[in-house]
Amino acid sequence: MQMITVLGATGSIGVNTLDVIARHPDKYAVFALTAHTQIDKLAEQCQQFNPQFAVVGNAMLADQLQAKLRASGCVTDVMHGVDALCQVSNDAAVDTVMAAIVGAAGLVPTLAAVHSGKKILLANKEALVMAGGLFMQAVADSGSVLLPIDSEHNAIFQCLPTDYGRSAGRNSGVEKLLLSASGGPFRGMSLEQMHSVTPDQACAHPNWSMGRKISVDSASLMNKGLELIEACWLFSVPEQSIEVVVHPQSIIHSLVQYSDGSVLAQLGNPDMRTPIAHALAWPQRIESGVANLDLFEIARLDFEKPDMQAFPCLAIARAAAQAGANAATILNAANEIAVQAFLDQRIGFTQIAAVVEQTLNSQTISEPESLEAVQESDNQARLSSSAFIKRLEK
Ligand code: NAD
Ligand code: MG
(Lines give C-alpha, C1' and ligand atoms only; values in the text may rest on other atoms or scores of the structure.)
(Ligands and ions follow the chains in the order given, each with its own letter.)
Protein backbone atom coordinates (compact mmCIF):
# COMPACT_ATOMS: atom_id res chain seq x y z
CA MET A 1 0.00 0.00 0.00
CA GLN A 2 1.43 3.41 -1.03
CA MET A 3 0.61 6.22 1.43
CA ILE A 4 0.06 9.49 -0.39
CA THR A 5 -0.11 13.16 0.49
CA VAL A 6 -1.79 15.33 -2.11
CA LEU A 7 -0.67 18.96 -1.87
CA GLY A 8 -3.26 21.08 -3.70
CA ALA A 9 -5.96 18.38 -3.59
CA THR A 10 -8.81 20.69 -4.62
CA GLY A 11 -7.12 21.89 -7.82
CA SER A 12 -7.35 20.43 -11.29
CA ILE A 13 -4.34 18.11 -10.79
CA GLY A 14 -5.42 17.23 -7.23
CA VAL A 15 -8.91 16.18 -8.37
CA ASN A 16 -7.49 14.09 -11.23
CA THR A 17 -5.04 12.45 -8.82
CA LEU A 18 -7.84 11.45 -6.46
CA ASP A 19 -9.82 10.11 -9.42
CA VAL A 20 -6.95 7.73 -10.27
CA ILE A 21 -6.35 6.81 -6.60
CA ALA A 22 -10.06 5.96 -6.15
CA ARG A 23 -9.76 3.38 -8.96
CA HIS A 24 -7.11 1.44 -6.98
CA PRO A 25 -8.10 1.19 -3.30
CA ASP A 26 -5.92 -1.94 -3.04
CA LYS A 27 -2.77 0.02 -3.98
CA TYR A 28 -3.09 3.57 -2.66
CA ALA A 29 -4.26 5.21 0.56
CA VAL A 30 -4.42 8.92 1.32
CA PHE A 31 -2.43 10.25 4.28
CA ALA A 32 -3.18 13.96 3.87
CA LEU A 33 -5.08 16.35 1.60
CA THR A 34 -4.42 20.08 1.42
CA ALA A 35 -6.19 23.14 0.01
CA HIS A 36 -5.72 26.87 0.37
CA THR A 37 -9.31 28.12 0.77
CA GLN A 38 -11.80 25.69 -0.82
CA ILE A 39 -12.94 23.98 2.37
CA ASP A 40 -16.26 22.68 1.07
CA LYS A 41 -14.56 20.71 -1.69
CA LEU A 42 -11.84 19.56 0.74
CA ALA A 43 -14.53 18.40 3.20
CA GLU A 44 -16.09 16.19 0.52
CA GLN A 45 -12.69 14.76 -0.37
CA CYS A 46 -11.95 14.02 3.30
CA GLN A 47 -15.27 12.22 3.65
CA GLN A 48 -14.46 10.08 0.62
CA PHE A 49 -10.79 9.30 1.32
CA ASN A 50 -10.55 9.51 5.14
CA PRO A 51 -7.05 10.99 5.33
CA GLN A 52 -5.34 11.28 8.70
CA PHE A 53 -4.77 15.02 8.12
CA ALA A 54 -6.17 17.92 6.12
CA VAL A 55 -4.32 21.22 5.83
CA VAL A 56 -5.77 24.62 4.91
CA GLY A 57 -4.46 28.19 4.60
CA ASN A 58 -5.41 29.73 7.94
CA ALA A 59 -6.73 29.05 11.46
CA MET A 60 -10.26 30.29 10.81
CA LEU A 61 -10.72 27.99 7.81
CA ALA A 62 -9.19 25.13 9.80
CA ASP A 63 -11.78 25.59 12.58
CA GLN A 64 -14.62 25.72 10.07
CA LEU A 65 -13.43 22.58 8.28
CA GLN A 66 -12.80 20.72 11.53
CA ALA A 67 -16.35 21.47 12.74
CA LYS A 68 -17.81 20.38 9.42
CA LEU A 69 -15.87 17.10 9.44
CA ARG A 70 -16.70 16.26 13.06
CA ALA A 71 -20.39 16.90 12.37
CA SER A 72 -20.26 14.37 9.55
CA GLY A 73 -18.40 11.78 11.64
CA CYS A 74 -15.12 12.12 9.72
CA VAL A 75 -12.03 11.58 11.90
CA THR A 76 -9.56 13.67 9.82
CA ASP A 77 -7.54 16.18 11.90
CA VAL A 78 -7.31 19.64 10.39
CA MET A 79 -4.17 21.79 10.57
CA HIS A 80 -3.15 25.03 8.86
CA GLY A 81 -0.18 26.92 7.48
CA VAL A 82 3.13 26.20 5.78
CA ASP A 83 4.63 24.23 8.70
CA ALA A 84 1.64 21.89 8.60
CA LEU A 85 2.10 21.47 4.81
CA CYS A 86 5.72 20.47 5.48
CA GLN A 87 4.68 18.13 8.27
CA VAL A 88 2.27 16.16 6.04
CA SER A 89 4.94 16.10 3.31
CA ASN A 90 7.74 14.62 5.40
CA ASP A 91 5.83 12.44 7.89
CA ALA A 92 7.45 9.00 8.23
CA ALA A 93 4.16 7.32 7.24
CA VAL A 94 4.19 8.96 3.78
CA ASP A 95 5.68 7.22 0.71
CA THR A 96 4.61 9.57 -2.07
CA VAL A 97 3.82 13.27 -2.33
CA MET A 98 1.84 14.72 -5.22
CA ALA A 99 3.13 18.31 -5.46
CA ALA A 100 0.17 20.09 -7.06
CA ILE A 101 0.04 23.47 -5.34
CA VAL A 102 0.16 26.24 -7.95
CA GLY A 103 3.04 28.70 -7.99
CA ALA A 104 5.92 29.56 -5.68
CA ALA A 105 3.77 28.68 -2.64
CA GLY A 106 4.47 25.02 -3.40
CA LEU A 107 8.25 25.25 -3.08
CA VAL A 108 8.76 24.89 0.67
CA PRO A 109 6.37 21.94 1.22
CA THR A 110 7.70 20.18 -1.89
CA LEU A 111 11.28 20.65 -0.68
CA ALA A 112 10.24 19.20 2.69
CA ALA A 113 9.14 16.05 0.84
CA VAL A 114 12.38 15.99 -1.16
CA HIS A 115 14.58 16.35 1.94
CA SER A 116 12.86 13.39 3.57
CA GLY A 117 13.48 11.20 0.50
CA LYS A 118 9.87 10.74 -0.60
CA LYS A 119 8.79 9.76 -4.07
CA ILE A 120 7.81 13.12 -5.57
CA LEU A 121 5.18 13.45 -8.30
CA LEU A 122 5.95 16.95 -9.55
CA ALA A 123 3.14 18.98 -11.11
CA ASN A 124 4.21 22.25 -9.44
CA LYS A 125 6.66 23.32 -12.17
CA GLU A 126 7.09 26.79 -10.62
CA ALA A 127 8.94 25.21 -7.65
CA LEU A 128 11.55 23.72 -9.99
CA VAL A 129 11.76 26.83 -12.17
CA MET A 130 12.36 29.17 -9.23
CA ALA A 131 14.86 27.01 -7.35
CA GLY A 132 16.15 24.48 -9.91
CA GLY A 133 19.73 24.16 -8.70
CA LEU A 134 18.86 23.78 -5.03
CA PHE A 135 15.92 21.52 -5.81
CA MET A 136 17.91 19.07 -7.96
CA GLN A 137 20.80 19.06 -5.46
CA ALA A 138 18.32 18.19 -2.68
CA VAL A 139 16.91 15.35 -4.84
CA ALA A 140 20.43 13.98 -5.42
CA ASP A 141 21.37 14.29 -1.72
CA SER A 142 18.24 12.62 -0.36
CA GLY A 143 17.89 9.92 -3.03
CA SER A 144 14.32 11.03 -3.55
CA VAL A 145 12.63 9.70 -6.73
CA LEU A 146 11.39 12.61 -8.84
CA LEU A 147 8.73 11.83 -11.46
CA PRO A 148 7.32 14.51 -13.77
CA ILE A 149 3.55 14.99 -13.98
CA ASP A 150 3.62 17.80 -16.54
CA SER A 151 2.38 15.87 -19.59
CA GLU A 152 5.31 16.93 -21.82
CA HIS A 153 7.96 16.00 -19.26
CA ASN A 154 6.21 12.79 -18.40
CA ALA A 155 6.22 11.98 -22.14
CA ILE A 156 9.96 12.74 -22.42
CA PHE A 157 10.64 10.65 -19.32
CA GLN A 158 8.80 7.74 -20.96
CA CYS A 159 10.81 8.16 -24.21
CA LEU A 160 14.25 8.37 -22.57
CA PRO A 161 16.33 5.23 -21.91
CA THR A 162 15.54 3.77 -18.48
CA ASP A 163 19.12 4.30 -17.25
CA TYR A 164 19.23 7.92 -18.50
CA GLY A 165 19.15 9.42 -15.00
CA ARG A 166 21.71 7.04 -13.53
CA SER A 167 24.19 7.71 -16.33
CA ALA A 168 23.44 11.46 -16.16
CA GLY A 169 22.56 11.24 -19.86
CA ARG A 170 26.09 10.20 -20.92
CA ASN A 171 26.31 7.98 -24.03
CA SER A 172 22.53 7.86 -24.21
CA GLY A 173 22.49 8.98 -27.86
CA VAL A 174 19.92 11.64 -26.99
CA GLU A 175 20.37 14.63 -29.32
CA LYS A 176 17.36 16.77 -28.74
CA LEU A 177 14.16 17.02 -26.75
CA LEU A 178 11.11 18.14 -28.73
CA LEU A 179 8.67 19.83 -26.38
CA SER A 180 5.06 19.80 -27.59
CA ALA A 181 2.92 22.93 -27.29
CA SER A 182 -0.75 23.13 -28.22
CA GLY A 183 -0.34 26.82 -29.06
CA GLY A 184 -3.15 27.72 -26.64
CA PRO A 185 -6.42 29.55 -27.34
CA PHE A 186 -4.72 32.44 -29.22
CA ARG A 187 -2.70 30.40 -31.71
CA GLY A 188 -2.74 32.16 -35.10
CA MET A 189 -3.55 35.57 -33.62
CA SER A 190 -1.23 38.60 -33.93
CA LEU A 191 0.04 40.59 -30.97
CA GLU A 192 -2.40 43.41 -31.88
CA GLN A 193 -5.35 41.02 -31.87
CA MET A 194 -4.37 39.88 -28.37
CA HIS A 195 -4.40 43.39 -26.85
CA SER A 196 -8.04 43.22 -25.82
CA VAL A 197 -8.54 39.52 -24.92
CA THR A 198 -10.27 38.82 -21.60
CA PRO A 199 -9.31 36.48 -18.73
CA ASP A 200 -12.15 34.13 -19.66
CA GLN A 201 -10.94 33.94 -23.26
CA ALA A 202 -7.40 33.24 -22.06
CA CYS A 203 -8.65 30.49 -19.75
CA ALA A 204 -10.67 28.73 -22.47
CA HIS A 205 -7.98 26.25 -23.50
CA PRO A 206 -8.87 24.23 -26.61
CA ASN A 207 -7.61 20.83 -25.31
CA TRP A 208 -6.99 20.91 -21.54
CA SER A 209 -9.11 21.94 -18.56
CA MET A 210 -6.74 23.45 -15.97
CA GLY A 211 -6.44 26.01 -13.15
CA ARG A 212 -6.60 29.68 -14.18
CA LYS A 213 -2.93 30.51 -13.64
CA ILE A 214 -1.57 27.75 -15.89
CA SER A 215 -4.35 28.47 -18.40
CA VAL A 216 -3.16 32.07 -18.79
CA ASP A 217 0.44 30.81 -19.02
CA SER A 218 -0.64 28.45 -21.80
CA ALA A 219 -2.28 31.30 -23.66
CA SER A 220 0.87 33.50 -23.48
CA LEU A 221 3.21 30.52 -24.11
CA MET A 222 4.95 31.42 -20.84
CA ASN A 223 3.86 27.93 -19.79
CA LYS A 224 6.10 26.51 -22.55
CA GLY A 225 8.88 28.82 -21.37
CA LEU A 226 8.53 27.54 -17.78
CA GLU A 227 8.42 23.99 -19.16
CA LEU A 228 11.61 24.58 -21.14
CA ILE A 229 13.38 25.56 -17.90
CA GLU A 230 11.72 22.64 -16.10
CA ALA A 231 13.04 20.23 -18.77
CA CYS A 232 16.59 21.63 -18.51
CA TRP A 233 16.64 20.73 -14.80
CA LEU A 234 14.79 17.41 -14.99
CA PHE A 235 16.84 15.99 -17.87
CA SER A 236 20.17 17.85 -17.36
CA VAL A 237 20.22 19.40 -20.84
CA PRO A 238 21.06 22.95 -21.98
CA GLU A 239 18.23 25.08 -23.38
CA GLN A 240 19.70 24.81 -26.91
CA SER A 241 18.94 21.07 -26.86
CA ILE A 242 15.22 21.70 -26.50
CA GLU A 243 12.99 22.68 -29.39
CA VAL A 244 9.38 23.77 -28.99
CA VAL A 245 7.01 22.18 -31.52
CA VAL A 246 3.50 23.54 -31.82
CA HIS A 247 1.14 20.61 -32.26
CA PRO A 248 -2.46 21.83 -31.99
CA GLN A 249 -4.14 18.43 -31.44
CA SER A 250 -2.22 17.71 -28.16
CA ILE A 251 -1.97 14.00 -28.97
CA ILE A 252 1.83 13.70 -29.10
CA HIS A 253 2.85 14.97 -25.67
CA SER A 254 6.58 15.36 -26.55
CA LEU A 255 9.40 13.54 -28.35
CA VAL A 256 13.05 12.54 -27.96
CA GLN A 257 15.40 12.62 -30.95
CA TYR A 258 18.34 10.19 -30.96
CA SER A 259 21.67 10.33 -32.84
CA ASP A 260 20.72 7.41 -35.15
CA GLY A 261 17.76 9.32 -36.58
CA SER A 262 15.15 7.66 -34.36
CA VAL A 263 12.53 9.89 -32.78
CA LEU A 264 10.47 8.41 -29.95
CA ALA A 265 7.16 10.00 -29.01
CA GLN A 266 4.52 9.39 -26.36
CA LEU A 267 0.92 9.70 -27.54
CA GLY A 268 -2.36 9.74 -25.71
CA ASN A 269 -5.62 11.60 -25.28
CA PRO A 270 -5.10 14.97 -23.57
CA ASP A 271 -6.08 13.88 -20.04
CA MET A 272 -3.79 14.42 -17.04
CA ARG A 273 -4.85 11.10 -15.52
CA THR A 274 -2.41 9.37 -17.91
CA PRO A 275 0.78 11.03 -16.59
CA ILE A 276 -0.61 10.86 -13.03
CA ALA A 277 -1.29 7.11 -13.29
CA HIS A 278 2.10 6.59 -14.96
CA ALA A 279 3.96 8.30 -12.14
CA LEU A 280 1.87 6.75 -9.35
CA ALA A 281 2.50 3.21 -10.57
CA TRP A 282 5.99 3.64 -12.12
CA PRO A 283 7.68 1.38 -13.11
CA GLN A 284 4.42 -0.58 -13.39
CA ARG A 285 1.31 0.50 -15.31
CA ILE A 286 -2.22 0.88 -13.98
CA GLU A 287 -5.60 1.73 -15.45
CA SER A 288 -6.23 5.52 -15.39
CA GLY A 289 -9.79 5.96 -16.61
CA VAL A 290 -8.56 7.58 -19.83
CA ALA A 291 -10.21 6.39 -23.05
CA ASN A 292 -8.06 4.55 -25.59
CA LEU A 293 -6.59 6.67 -28.34
CA ASP A 294 -8.59 6.38 -31.56
CA LEU A 295 -6.12 7.20 -34.35
CA PHE A 296 -8.78 6.81 -37.04
CA GLU A 297 -10.91 9.44 -35.40
CA ILE A 298 -7.92 11.78 -34.92
CA ALA A 299 -6.91 11.12 -38.55
CA ARG A 300 -4.19 13.77 -38.73
CA LEU A 301 -1.49 15.38 -36.63
CA ASP A 302 -0.15 18.88 -37.45
CA PHE A 303 3.09 20.62 -36.48
CA GLU A 304 4.27 24.21 -36.78
CA LYS A 305 6.96 26.53 -35.40
CA PRO A 306 5.93 28.83 -32.54
CA ASP A 307 5.24 32.44 -33.58
CA MET A 308 7.97 34.23 -31.60
CA GLN A 309 6.65 37.72 -32.52
CA ALA A 310 3.14 37.11 -31.24
CA PHE A 311 4.30 35.23 -28.13
CA PRO A 312 7.29 37.11 -26.68
CA CYS A 313 7.11 35.22 -23.34
CA LEU A 314 8.73 32.17 -24.92
CA ALA A 315 11.85 34.10 -25.95
CA ILE A 316 12.01 35.86 -22.57
CA ALA A 317 11.94 32.49 -20.79
CA ARG A 318 14.57 31.04 -23.12
CA ALA A 319 16.84 34.02 -22.38
CA ALA A 320 16.30 33.45 -18.64
CA ALA A 321 17.23 29.78 -19.07
CA GLN A 322 20.41 30.86 -20.83
CA ALA A 323 21.25 33.46 -18.17
CA GLY A 324 20.88 30.86 -15.41
CA ALA A 325 21.55 31.95 -11.79
CA ASN A 326 18.41 33.59 -10.35
CA ALA A 327 17.00 34.72 -13.72
CA ALA A 328 14.33 32.01 -13.69
CA THR A 329 13.40 32.89 -10.09
CA ILE A 330 12.79 36.49 -11.18
CA LEU A 331 10.95 35.40 -14.34
CA ASN A 332 8.64 33.13 -12.38
CA ALA A 333 7.86 35.67 -9.65
CA ALA A 334 7.19 38.50 -12.12
CA ASN A 335 4.99 36.22 -14.21
CA GLU A 336 2.92 35.15 -11.18
CA ILE A 337 2.31 38.81 -10.26
CA ALA A 338 1.55 39.80 -13.87
CA VAL A 339 -0.83 36.89 -14.46
CA GLN A 340 -2.75 37.72 -11.28
CA ALA A 341 -2.95 41.39 -12.36
CA PHE A 342 -4.32 40.25 -15.74
CA LEU A 343 -6.86 37.94 -14.09
CA ASP A 344 -7.90 40.88 -11.85
CA GLN A 345 -8.26 42.98 -15.04
CA ARG A 346 -5.65 45.49 -13.89
CA ILE A 347 -3.42 45.01 -16.97
CA GLY A 348 -3.95 43.74 -20.49
CA PHE A 349 -2.89 40.30 -21.69
CA THR A 350 0.00 41.57 -23.83
CA GLN A 351 1.36 43.56 -20.87
CA ILE A 352 2.27 40.33 -19.06
CA ALA A 353 5.40 39.98 -21.21
CA ALA A 354 6.31 43.64 -20.69
CA VAL A 355 6.06 43.31 -16.89
CA VAL A 356 8.21 40.18 -16.87
CA GLU A 357 10.84 41.66 -19.18
CA GLN A 358 11.07 44.94 -17.27
CA THR A 359 11.36 43.10 -13.97
CA LEU A 360 14.18 40.92 -15.32
CA ASN A 361 16.00 44.05 -16.54
CA SER A 362 15.60 45.76 -13.16
CA GLN A 363 17.07 42.99 -10.99
CA THR A 364 20.63 41.88 -10.29
CA ILE A 365 21.44 38.45 -11.73
CA SER A 366 23.41 36.40 -9.22
CA GLU A 367 23.68 32.74 -8.24
CA PRO A 368 21.38 32.00 -5.27
CA GLU A 369 23.41 29.90 -2.82
CA SER A 370 20.57 29.18 -0.38
CA LEU A 371 16.80 28.87 -0.14
CA GLU A 372 16.79 32.25 1.63
CA ALA A 373 18.59 33.80 -1.36
CA VAL A 374 16.00 32.31 -3.73
CA GLN A 375 13.19 33.68 -1.57
CA GLU A 376 14.85 37.09 -1.43
CA SER A 377 15.11 37.21 -5.27
CA ASP A 378 11.50 36.08 -5.51
CA ASN A 379 10.42 38.84 -3.08
CA GLN A 380 12.37 41.60 -4.80
CA ALA A 381 10.99 40.58 -8.21
CA ARG A 382 7.43 40.63 -6.82
CA LEU A 383 7.92 44.14 -5.41
CA SER A 384 9.45 45.39 -8.62
CA SER A 385 6.78 43.88 -10.90
CA SER A 386 3.99 45.19 -8.63
CA ALA A 387 5.50 48.68 -8.98
CA PHE A 388 5.61 48.34 -12.80
CA ILE A 389 1.99 47.27 -12.81
CA LYS A 390 0.96 50.29 -10.70
CA ARG A 391 2.66 52.55 -13.26
CA LEU A 392 0.92 50.77 -16.16
CA GLU A 393 -2.45 51.21 -14.46
CA LYS A 394 -2.03 55.02 -14.33
P1 NAD B 1 -5.42 24.87 -9.53
O2 NAD B 1 -5.48 26.35 -9.43
O3 NAD B 1 -6.56 24.14 -10.13
O4 NAD B 1 -5.16 24.25 -8.07
C5 NAD B 1 -4.17 24.76 -7.23
C6 NAD B 1 -4.17 24.06 -5.89
O7 NAD B 1 -3.18 24.71 -5.06
C8 NAD B 1 -5.50 24.17 -5.12
O9 NAD B 1 -5.72 22.98 -4.42
C10 NAD B 1 -5.26 25.31 -4.15
O11 NAD B 1 -6.00 25.17 -2.96
C12 NAD B 1 -3.78 25.17 -3.85
N13 NAD B 1 -3.16 26.45 -3.51
C14 NAD B 1 -3.23 27.61 -4.22
N15 NAD B 1 -2.52 28.58 -3.60
C16 NAD B 1 -1.98 28.03 -2.49
C17 NAD B 1 -1.17 28.51 -1.43
N18 NAD B 1 -0.74 29.80 -1.39
N19 NAD B 1 -0.81 27.66 -0.45
C20 NAD B 1 -1.22 26.38 -0.46
N21 NAD B 1 -2.00 25.86 -1.43
C22 NAD B 1 -2.38 26.67 -2.43
O23 NAD B 1 -4.07 24.53 -10.33
P24 NAD B 1 -3.75 23.25 -11.23
O25 NAD B 1 -4.19 23.50 -12.63
O26 NAD B 1 -4.18 22.00 -10.55
O27 NAD B 1 -2.15 23.30 -11.25
C28 NAD B 1 -1.38 22.91 -10.14
C29 NAD B 1 0.08 22.83 -10.55
O30 NAD B 1 0.21 21.81 -11.53
C31 NAD B 1 0.59 24.11 -11.21
O32 NAD B 1 1.93 24.32 -10.85
C33 NAD B 1 0.50 23.82 -12.69
O34 NAD B 1 1.46 24.52 -13.45
C35 NAD B 1 0.79 22.32 -12.72
N36 NAD B 1 0.21 21.63 -13.88
C37 NAD B 1 -1.13 21.59 -14.05
C38 NAD B 1 -1.68 20.93 -15.15
C39 NAD B 1 -3.17 20.83 -15.34
O40 NAD B 1 -3.60 20.15 -16.26
N41 NAD B 1 -3.98 21.46 -14.52
C42 NAD B 1 -0.82 20.34 -16.09
C43 NAD B 1 0.55 20.40 -15.89
C44 NAD B 1 1.06 21.05 -14.77
MG1 MG C 1 2.52 20.86 -19.63
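Among (1) away from ligand 1 (no atom under 14 Å from the Cβ); (2) at pLDDT 95 or above; (3) open to solvent by 30 Å² or more (accessible area, probe 1.4 Å), where does VAL94 come up short?
Failing condition for VAL94: (3).
Name the residue that is farthest from GLN87 (Cα to Cα), counting only residues in region 133-158 that are touching a Phe, Trp or Tyr at 6+ places or on another chain (Cβ under 7 Å) and within 16 Å of ligand 2 (Cβ to nearest atom).
For region 133-158, the residue satisfying everything is ILE156.
Is region 186-202 home to any residue that is within 14 Å of ligand 2 (Cβ to nearest atom) and at negative phi?
Taking region 186-202 as the starting set, the residues that turn out to be within 14 Å of ligand 2 (Cβ to nearest atom) are none.
The answer is no; no qualifying residue exists.
Answer with yes or no whether ILE347 is outside the structural domain of GLN193 (by TED's automatic domain parsing) and under 18 Å from LEU128 (Cα atoms).
Working: outside the structural domain of GLN193 (by TED's automatic domain parsing): yes; under 18 Å from LEU128 (Cα atoms): no.
Answer is no for this residue.
Looking only at region 1-18, filter to residues that are polar (S, T, N, Q) and in a strand (DSSP E or B); which one of those is least open to solvent (accessible area, probe 1.4 Å)?
Going residue by residue through region 1-18, those that are polar (S, T, N, Q) are 2, 5, 10, 12, 16-17.
Subset that is in a strand (DSSP E or B): 2, 5.
Working: GLN2: 42, THR5: 0 Å².
Of everything passing the filter in region 1-18, THR5 is least open to solvent (accessible area, probe 1.4 Å).
Could we say that GLN158 is open to solvent by 30 Å² or more (accessible area, probe 1.4 Å), touching a strand residue (DSSP E or B) at 6+ places or on another chain (Cβ under 7 Å) and modelled with pLDDT of 95 or more here? Reasoning before the result, please.
Working: open to solvent by 30 Å² or more (accessible area, probe 1.4 Å): yes; touching a strand residue (DSSP E or B) at 6+ places or on another chain (Cβ under 7 Å): yes; modelled with pLDDT of 95 or more: yes.
Taking the combined requirement at face value, the residue satisfies it.
Answer yes or no as to whether ALA353 is surrounded by fewer than 18 Cβ atoms within 10 Å (Cβ to Cβ) and over 19 Å from the mean Cα position of the chain (by Cα).
Working: surrounded by fewer than 18 Cβ atoms within 10 Å (Cβ to Cβ): no; over 19 Å from the mean Cα position of the chain (by Cα): yes.
No.
For every residue, the table says whether it meets (1) open to solvent by 50 Å² or more (accessible area, probe 1.4 Å); (2) modelled with pLDDT under 95.
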site: ALA113; (1), (2): no, no
site: LEU121; (1), (2): no, no
site: GLU126; (1), (2): no, no
site: ALA131; (1), (2): no, no
site: ASP141; (1), (2): yes, no
site: GLY165; (1), (2): yes, yes
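Which ones in region 116-141 are among the polar types (S, T, N, Q) and either out of contact with any helix residue (DSSP H, G or I) (no Cβ under 7 Å at 6 or more places or on another chain) or within 18 Å of GLN2 (Cβ to Cβ) (or both)? Show your work before the answer.
Of all residues in region 116-141, those among the polar types (S, T, N, Q) come to 116, 124, 137.
Scanning region 116-141 gives SER116, GLN137.
Is region 307-318 home to any residue that is over 22 Å from the mean Cα position of the chain (by Cα), closer than 23 Å to GLU227 by Cβ, loosely packed, with under 15 Cβ neighbours inside 10 Å and at pLDDT 95 or above? Lay out the reasoning, then the answer.
We begin by selecting, within region 307-318, every residue over 22 Å from the mean Cα position of the chain (by Cα); these are 307-310.
Restricting the remaining residues to those that are closer than 23 Å to GLU227 by Cβ gives 307-310.
Checking which are loosely packed, with under 15 Cβ neighbours inside 10 Å leaves us with 308-309.
Filter once more, so that each one left must be at pLDDT 95 or above: 308-309.
Yes, there is a match, as at least one residue in region 307-318 is over 22 Å from the mean Cα position of the chain (by Cα), closer than 23 Å to GLU227 by Cβ, loosely packed, with under 15 Cβ neighbours inside 10 Å and at pLDDT 95 or above.
Give the number of residues within region 159-178 that are in contact with a helix residue (DSSP H, G or I) (Cβ under 7 Å, 6 or more places away or on another chain) and within 16 Å of ligand 2 (Cβ to nearest atom).
1
Out of curiosity, is ARG318 touching a residue at least 40 places away in the same chain (Cβ under 8 Å), within 30 Å of ARG391 (Cα to Cα), of a type in the set (Lys, Arg) and outside the structural domain of SER386 (by TED's automatic domain parsing)? Quick ask: steps written out before the conclusion?
Numbers: touching a residue at least 40 places away in the same chain (Cβ under 8 Å): yes; within 30 Å of ARG391 (Cα to Cα): yes; of a type in the set (Lys, Arg): yes; outside the structural domain of SER386 (by TED's automatic domain parsing): yes.
Judged against the criteria, ARG318 is a match.
Taking the options ALA281, ALA310, name whichever one is small (Gly, Ala, Ser), in contact with a Ser or Thr (Cβ under 6 Å, 6 or more places away or on another chain) and more than 16 Å from ligand 1 (Cβ to nearest atom).
Numbers: ALA281 fails: in contact with a Ser or Thr (Cβ under 6 Å, 6 or more places away or on another chain).
Only one candidate passes the filter, namely ALA310.
Within region 133-156, work out how many residues are closer than 30 Å to ILE365 by Cβ, outside any loop (DSSP other than H, G, I, E, B) and within 16 Å of ligand 1 (Cβ to nearest atom).
Qualifying residue count, region 133-156: 6.
Taking the options GLN64, GLN47, GLN52, GLN38, name whichever one is open to solvent by 40 Å² or more (accessible area, probe 1.4 Å), under 24 Å from TRP208 (Cα atoms) and in the same structural domain as VAL114 (by TED's automatic domain parsing).
Of the residues listed, the single one that is open to solvent by 40 Å² or more (accessible area, probe 1.4 Å), under 24 Å from TRP208 (Cα atoms) and in the same structural domain as VAL114 (by TED's automatic domain parsing) is GLN38.
The values are calculated or read from the model by the stated rules, or taken from the named source; none is laboratory data. A quick note: this is a predicted structure, and the numbers were derived from the prediction, not measured. As a convention, Cβ positions derive from the backbone with ideal geometry for all residues, glycine included, and neighbour counts pool all protein chains shown. Remember, those area values only see protein heavy atoms, side chains included, never the ligands or the DNA or RNA. Shrake-Rupley method; radii C 1.70, N 1.55, O 1.52, S 1.80 Å.
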